[in-house]
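Visitor: Can you read through this structure? Questions will come right after.
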Amino acid sequence: MQALVDNNGITRYLVTIKINGDEYTRVVKANTLMVNFIRDELDLTGTKKGCELGDCGSCTVLMDGKPVNSCVVLAVEADGHEITTIEGLATNENLDKLQESFVDHAAVQCGYCTPGMIMSAKALLTKNPHPTEPEVREAIAGNLCRCTGYVNIVKAILAAANE
Amino acid sequence: MYLPDFEYHMPASIQEACALLAKSGPAAQVLAGGTDLLNKMKHGLVAPQILISLKQLEQLSGIEYVAGKGVVIGARVTHNAICNAKLLQDKYLSVCEAAHHMANNQIRNVGTIGGNIANAVPSADLPPILIALGASITLAGANGEREMALEDFFTGPGKTKIAPDEIITQIIIPDGSFTGSTYIKFGLRRSGALAVVGVAVAVEMDGNVCKKARIALGAVAPVPMRATQAEAAITGQTVSDDLLEAVGVCAAKECKPISDMRGSAEYRRDMVRVFTKRALRKAIDEGHV
């Protein structure tokens with residue numbers, strides 16, 4: 001990873017991160033959080049910021065296929081890794097089956113937790129295509145829905161799995 | 001929330017990391033998963049000027065069995081990697097279970113065993129079960145390596161015996177004669193909660209007689225502590241419900257809990273009694289380490 005020092009003595013780093021299949025090479029400061037890189041640098045604002053402490057799961061993205069809170073990962077630490085955000089799930093005009101299922105089951109209320117919920121669910125279904133309800137609940141235990149709409153969220157994930 | 005500025009280093013070897021730490025002194029902090037450190041920095045609780053990332057040190061991310069030594073876990077292994085490791089599931093399922101009950105899935109994919117130990121939070125979930133199993137850690141410094149029993153490592157909340165130029169490189173669970181072990185975490189929620197009380201036990205049974213026991217308690221003292229009087233009360237005894245109750249009472253007497261928002265000292269003390277009893281029963285009955 002190349003370090004660049006500007007005229008004011010501030011060091012920046014050249015990172016290359018593959019996001020939703022595309023490689024992005026950008027110059028970031030060491031203190032740039034992944035979530036800010038995704039939202040501010042790449043304008044992929046589907047990933048939400050909630051608690052910003054790794055408790056609420058709004059900012060969940062997949063890093064090398066595993067769900068992580070992008071608010072506790074530095075962009076420089078993600079150099080060379082592969083990230084999937086909510087924008088990366090739909091193909092062309094077709095929503096992912098999880099997204100369809102969330103719509104069909106009214107699993108979206110205010111919508112703020114939805115991107116994170118879906119990313120956690122996506123990771124679960126990739127690893128375990130036919131989860132039980134307790135497995136679904138455990139997979140989204142790190143995603144808080146303050147509308148408390150968990151029942152329909154669980155239904156939507158189970159339905160997507162059984163399609 | 002944004003992070004203050006800091007200098008970032010990504011050393012290519014353990015020696016280089018230790019040399020950097022030695023040179024930088026207290027201005028530097030080691031960055032492993034970052035799930036704890038970065039949050040403390042956001043709140044201004046710590047303000048390191050230099051972060052030394054372990055990202056490139058691939059040798060710290062393995063789990064292997066070394067004959068004559070035991071199971072060696074690299075310090076950068078994440079909690080989920082511990083949960084999913086076949087070697088640990090076969091030999092020390094109780095360690096996988098302890099890792100599985102921490103935080104939430106997203107944090108378990110990032111947070112590391114080395115970080116969990118180095119932070120020295122009294123309620124941390126991995127130290128009690130590792131101490132019960134007699135684990136030690138390897139510390140690498142600018143002038144070489146040293147090994148230390150994990151139970152001797154902690155000196156207070158957030159405080160350990162680590163030297164400013166040292167990093168934890170591995171955790172070693174030695175071959176033992178235990179026939180059963182378990183860790184029971186009592187938290188207020190099933191996910192994303194710190195332990196109110198954590199009880200880890202490892203027992204060696206011969207029929208119904210307990211030949212050896214190690215009991216380690218979390219969240220009820222400034223550091224994860226051995227309940228040595230409780231251990232003495234069960235060693236060499238024939239196990240019965242009455243005995244386990246008495247051992248629980250012993251452990252409750254010797255722990256040193258404080259009152260905080262998660263529970264009062266009195267409540268914690270009584271829960272130590274209950275969960276010591278239950279943990280022993282579980283370790284004895286399930287018969288897996």
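Visitor: Mind giving me the FRET efficiency for A:Thr126 and B:Val66? R0 is 30 Å, r the Cβ-Cβ distance, nearest 0.05 is fine.
Guide: E between A:Thr126 and B:Val66, to the nearest 0.05, is 0.35.
Visitor: Cα centroids of region B:42-117 and region B:201-273: how far apart, whole angstrom?
Guide: So the two Cα centres are separated by 26 Å.
Visitor: Something else about it: What is the helix-to-structure angle for B:265-286, meaning the angle in degrees between its Cα long axis and the longest Cα principal axis of chain B, kept from 0 to 90 and rounded to the nearest 10?
Guide: The two axes meet at around 70 degrees.
Visitor: Helix A:150-161 sits at what angle to the longest principal axis of chain A, using alpha carbons and giving 0 to 90 degrees rounded to 10?
Guide: The two axes meet at around 90 degrees.
Visitor: For B:Lys159, give me every one of the lysines with a C-alpha distance below 23 angstrom, ignoring sequence neighbours fewer than eight places off in its own chain.
Guide: By straight Cα distance, B:Lys159 reaches B:Lys23, B:Lys40, B:Lys42, B:Lys185, B:Lys256.
Visitor: Near the amide H of B:Glu7, under 5 Å away, which other amide H atoms are found, from residues 5 or more places off or on another chain, if H is placed in the peptide plane?
Guide: Under 5 Å from the amide H of B:Glu7: B:Ile50, B:Leu51.
Visitor: Report, in whole Å, the centroid distance computed from the Cα atoms of region A:18-92 and region B:123-199.
Guide: If we compute the Cα centre of each part, the gap is 31 Å.
Visitor: Follow-up. Go through A:Ile140, A:Asn128, A:Ala161 and say which Cα lies farthest out towards the positive end of the charge dipole of region A:97-161; charges sit on Cβ, +1 for Lys and Arg, -1 for Asp and Glu.
Guide: The Cα lying farthest towards the positive end belongs to A:Ile140.
Visitor: Counting only other chains, what is the mean number of Cβ atoms within 10 angstrom of the Cβ of each residue in peptide B:109-116?
Guide: If you average over the peptide's residues, the count of other-chain Cβ atoms is 3.
Visitor: To the nearest 20 debye, what is the magnitude of the charge dipole of the protein assembly as shown about its Cα centre, counting +1 on the Cβ of each Lys and Arg and -1 on the Cβ of each Asp and Glu?
Guide: For the protein assembly as shown, the charge dipole is close to 1000 debye.
Visitor: Provide a whole-number value for the mean count of partner chain Cβ atoms within 10 Å of the Cβ atoms in peptide B:90-96.
Guide: Counting Cβ atoms of other protein chains within 10 Å of each residue's Cβ and averaging gives 0.
Visitor: Under 30 Å between alpha carbons: how many lysine pairs meet that in chain A, if sequence neighbours fewer than 8 apart on the same chain are excluded?
Guide: Step by step, the pairs that qualify in chain A add up to 29.
Visitor: Could you work out the local net charge near B:Met271, counting Lys and Arg as +1, Asp and Glu as -1, over the other residues with Cβ closer than 15 Å to its Cβ?
Guide: Every neighbour counted, the sum reads +4.
Visitor: While we're on this one: Using the Cα gyration tensor of region B:104-220, with a ≥ b ≥ c the square roots of its eigenvalues, what is the shape: rounded (a/c below 1.5), prolate (a/b larger than b/c) or oblate (neither)?
Guide: The shape class here is oblate.
Visitor: Over the whole of B:45-53, what's the average partner chain Cβ count within 10 Å per residue? Rounded to a whole number, please.
Guide: Whole-number average of other-chain Cβ neighbours for B:45-53 is 1.
Visitor: While we're on this one: Using the alpha-carbon atoms, what tilt in degrees (0 to 90, nearest 10) does helix B:241-254 show relative to the longest principal axis of chain B?
Guide: Taking Cα atoms only, the helix is inclined about 40 degrees.
Visitor: Please state the charge dipole magnitude for chain B, taken about the Cα centre, from unit charges on C-beta atoms (+1 on K and R, -1 on D and E), reported in debye and rounded to the nearest 20.
Guide: Charge dipole of chain B: 580 debye, to the nearest 20.
Visitor: Let me spell out the model: positive unit charges on the Cβ of Lys and Arg, negative unit charges on the Cβ of Asp and Glu, origin at the Cα centre of region A:97-161. What dipole size does that give, in debye rounded to 20?
Guide: 100
Visitor: Turning to a different aspect of this structure: Using the Kirkwood radius built from alpha carbon pairs, what does the Stokes-Einstein equation give as D for region B:7-53 at 20 °C and 1.002 mPa s, in µm² per second?
Guide: 197
Visitor: Ok, one more. If a/c stays under 1.5 just call it rounded; otherwise compare a/b with b/c (prolate if a/b is bigger, oblate if not). Do that for the protein assembly as shown, with a ≥ b ≥ c from the square roots of the Cα gyration tensor eigenvalues.
Guide: Note, shape of the protein assembly as shown comes out oblate.
Every number here is computed from the coordinates shown, using simple stated rules; none is lab data. Here the structure is a predicted model, which is why all the values come from computation and not from measurement. Reconstructed Cβ throughout: ideal geometry from the backbone, glycine too, with neighbour counts over all protein chains shown.
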